[in-house]
């Protein structure tokens with residue numbers, strides 16, 4: 001079974017520009033990517049300032065992106081993070097939520113995601129408060145699909161260390177009380193899962209009372225720890241049989257829009273069972289994205305780009321890479337140069353402010 005594939009623009013740091021988003025949709029639509037969820041952490045009007053309207057120019061560009069997705073046969077959605085709304089969901093908050101949802105409907109969304117990730121979670125009655133918000137949104141949105149991201153979207157204990165210990169029975173309560181038509185995001189065994197086994201997903205399905213909607217944090221490279229690396233290798237650890245245990249598979253791409261297409265092109269073949277060995281799959285995808293010569297250059301440099309990273313390379317290695325890619329006239333090569341120059345470096349301070 002091949003799950004529905006899609007892009008979740010949900011990373012920290014510099015967001016993509018509008019042209020990059022449209023080009024990404026057009027490039028991946030023929031390869032099984034049938035939805036695009038707009039949820040960049042840098043869009044403060046979907047996060048900390050969610051109850052304020054988007055500036056007119058931003059609203060217009062979002063409407064244009066929604067129309068472009070429809071023209072490509074791709075579902076368009078938005079991810080709304082009503083920051084800690086569950087702390088005081090009073091009448092004023094309900095009205096603010098209703099106004100935001102009405103604006104999203106006017107823009108033309110197929111999917112609405114309500115995201116409770118990256119917020120404090122060690123609160124009594126957390127599930128019940130979030131269910132109240134979701135039910136309110138479900139009554140008001142015209143989106144054909146509603147998805148939520150729980151505060152605890154993986155079994156990974158790192159969430160408990162950062163956002164507080166999860167309330168007992170939190171996920172079970174969401175699964176039991178939410179309308180079965182509402183989807184629930186899940187990142188796998190870890191926040192950034194190297195493997196998403198079928199057996200793990202079968203267990204999660206029992207807990208959530210529905211197949212999880214996968215939010216895959218590969219090849220994303222945001223955050224202080226990951227931004228010094230380019231995640232280019234083919235998808236691995238997503239066995240074909242795992243597709244039967246998920247409702248959809250959304251991919252959180254890297255900060256580099258063109259380079260992200262390389263690993264993302266390998267996912268459809270992975271589920272079709274037609275993907276060759278990972279190195280061969282990478283090379284085929286890279287050739288499709290950037291042509292043979294540059295693809296082979298990237299293959300040769302993977303130990304540096306994805307292995308050592310910016311902080312692990314010597315000055316000599318960095319300079320040699322920059323000279324090689326600066327000489328290549330292609331968007332992927334230009335993204336490598338920008339990465340080498342620190343254009344996409346992300347600090348903890350950037351994450352905390354977004």
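Helices (runs of 4 or more DSSP H) wholly in the range 114-203 with at least 2 residues that are in contact with a helix residue (DSSP H, G or I) (Cβ under 7 Å, 6 or more places away or on another chain) - which ones?
Once the helices (runs of 4 or more DSSP H) in the range 114-203 are filtered for at least 2 residues that are in contact with a helix residue (DSSP H, G or I) (Cβ under 7 Å, 6 or more places away or on another chain), what remains is 126-140, 170-177.
Looking at 49, 70 in this structure, which one is assigned by TED's automatic domain parsing to the domain that holds residue 215, out of contact with any helix residue (DSSP H, G or I) (no Cβ under 9 Å at 6 or more places or on another chain) and assigned to a loop (DSSP other than H, G, I, E, B)?
49
With (1) free of Cβ contacts under 8 Å to residues at least 60 places away in the same chain; (2) touching a helix residue (DSSP H, G or I) at 6+ places or on another chain (Cβ under 7 Å); (3) within 22 Å of residue 144 (Cα to Cα) as the list, and residue 79 as the residue in question, which single condition is left unmet?
(1)
Can you tell which of 4, 84, 9 is at positive phi and in contact (Cβ under 8 Å) with a residue 24 or more places away in the chain?
Sole residue among the options that is at positive phi and in contact (Cβ under 8 Å) with a residue 24 or more places away in the chain: 84.
Can you name the residue in the range 238-257 that is over 22 Å from residue 288 (Cβ atoms) and part of a loop (DSSP other than H, G, I, E, B) and is also farthest from the chain's Cα centre (by Cα) among such residues?
Once the filter is applied, the top-ranked residue is 239.
Hey, which of the helices (runs of 4 or more DSSP H) in the range 286-354, taking only ones fully inside, have at least 1 residues that are modelled with pLDDT of 95 or more and closer than 22 Å to residue 41 by Cα?
331-340
Go through (1) under 26 Å from residue 25 (Cα atoms); (2) at pLDDT below 95; (3) surrounded by 15 or more Cβ atoms within 10 Å (Cβ to Cβ) for residue 141 and report which single condition fails.
(2)
Quickly run through the range 211-220 and pick out the residues that are in a loop (DSSP other than H, G, I, E, B) and either under 16 Å from residue 152 (Cα atoms) or touching a helix residue (DSSP H, G or I) at 6+ places or on another chain (Cβ under 6 Å) (or both).
Those that are in a loop (DSSP other than H, G, I, E, B) and either under 16 Å from residue 152 (Cα atoms) or touching a helix residue (DSSP H, G or I) at 6+ places or on another chain (Cβ under 6 Å) (or both): 211, 212, 217, 219.
Kindly list the number of the only condition in (1) modelled with pLDDT under 95; (2) touching a strand residue (DSSP E or B) at 6+ places or on another chain (Cβ under 7 Å) that fails for residue 109.
(1)
Here is a yes/no grid of residues against (1) exposed (fewer than 15 other Cβ atoms within 10 Å of the Cβ); (2) in contact with a strand residue (DSSP E or B) (Cβ under 7 Å, 6 or more places away or on another chain); (3) modelled with pLDDT of 95 or more; (4) assigned by TED's automatic domain parsing to the domain that holds residue 220:
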{"site": "66", "(1), (2), (3), (4)": "no, yes, yes, yes"}
{"site": "79", "(1), (2), (3), (4)": "no, yes, yes, yes"}
{"site": "84", "(1), (2), (3), (4)": "yes, no, no, yes"}
{"site": "97", "(1), (2), (3), (4)": "no, no, yes, yes"}
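Before we move on, is residue 267 in a helix (DSSP H, G or I) and closer than 27 Å to residue 17 by Cβ?
So residue 267 fits the description; yes.
I'd like to check something: does the range 234-247 contain any residue that is at pLDDT 95 or above, more than 24 Å from residue 149 (Cβ to Cβ) and crowded, with 23+ Cβ neighbours inside 10 Å?
yes
The values are calculated or read from the model by the stated rules, or taken from the named source; none is laboratory data. In this text, all values refer to a predicted model and were calculated from it rather than measured experimentally. No Cβ is skipped: glycine too gets one built from the backbone with ideal geometry, and neighbour counts run over all protein chains shown.
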